[in-house]
Amino acid sequence: MTRELLLAAFIMGVGLCVSGMATHLYQWRTRQPAMLRMDGRTYLAALGNLFMSFVCGPYIMLQYGWRHEEGGTISMTSMLVAALVAFGWAFITGLLFMSVYIALRF
């Protein structure tokens, strides 16, 4: 059972690393903040934004959880929900990238 939990934590870690790297790369190349969106001037641009939202989503959700509310406080509920969604999403993203890596490696 410990092996499975460590594997799940490793996959989540890979997902968060890929998400953070993709978010910073996107923000560096486009010079605009990464956010969850599906709009675009063309159909291809909309698909690119959708793919970016899928890959960068866990990191963006973690950033949403740390946003300050009125009065400079951080909502514990908002932070916990954002972390729950982000780590679940990071598992899916990590599983996708690990499976692609293994498929190309072997």
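Brief remarks on what is shown
- Test: residue 41 is open to solvent by 100 Å² or more (accessible area, probe 1.4 Å), on the phi > 0 side of the Ramachandran plot and of a type in the set (Lys, Arg): no
- Residue in segment 49-66 that is open to solvent by 70 Å² or more (accessible area, probe 1.4 Å), more than 17 Å from residue 25 (Cβ to Cβ), outside any helix (DSSP H, G or I) and touching a Ser or Thr at 6+ places or on another chain (Cβ under 6 Å) present: no
- First in segment 89-106 and of a type in the set (Lys, Arg), second anywhere and surrounded by 11 or more Cβ atoms within 10 Å (Cβ to Cβ), Cβ under 8 Å, 6 or more apart: none
- Taking segment 11-45 as the range and being of a type in the set (Gly, Ala, Ser), outside any loop (DSSP other than H, G, I, E, B) and modelled with pLDDT under 90 as the test, only 45 passes.
- Taking each residue of segment 18-29 that is farther than 16 Å from residue 48 by Cβ and among the aliphatic types (A, V, I, L, M) and looking for partners that are at pLDDT below 95 and in a helix (DSSP H, G or I) with beta-carbon atoms closer than 8 Å, six or more apart or interchain, yields 18/55; 18/93; 18/94; 18/97.
The values are calculated or read from the model by the stated rules, or taken from the named source; none is laboratory data. Only a predicted model underlies this, so the values are computations on that prediction, with no experimental measurement involved. We place every Cβ from the backbone using ideal geometry, glycine too, and count neighbours over all the protein chains shown. All accessible areas refer to the heavy atoms of the entire protein, side chains included, with ligands and DNA or RNA removed. Shrake-Rupley method; radii C 1.70, N 1.55, O 1.52, S 1.80 Å.
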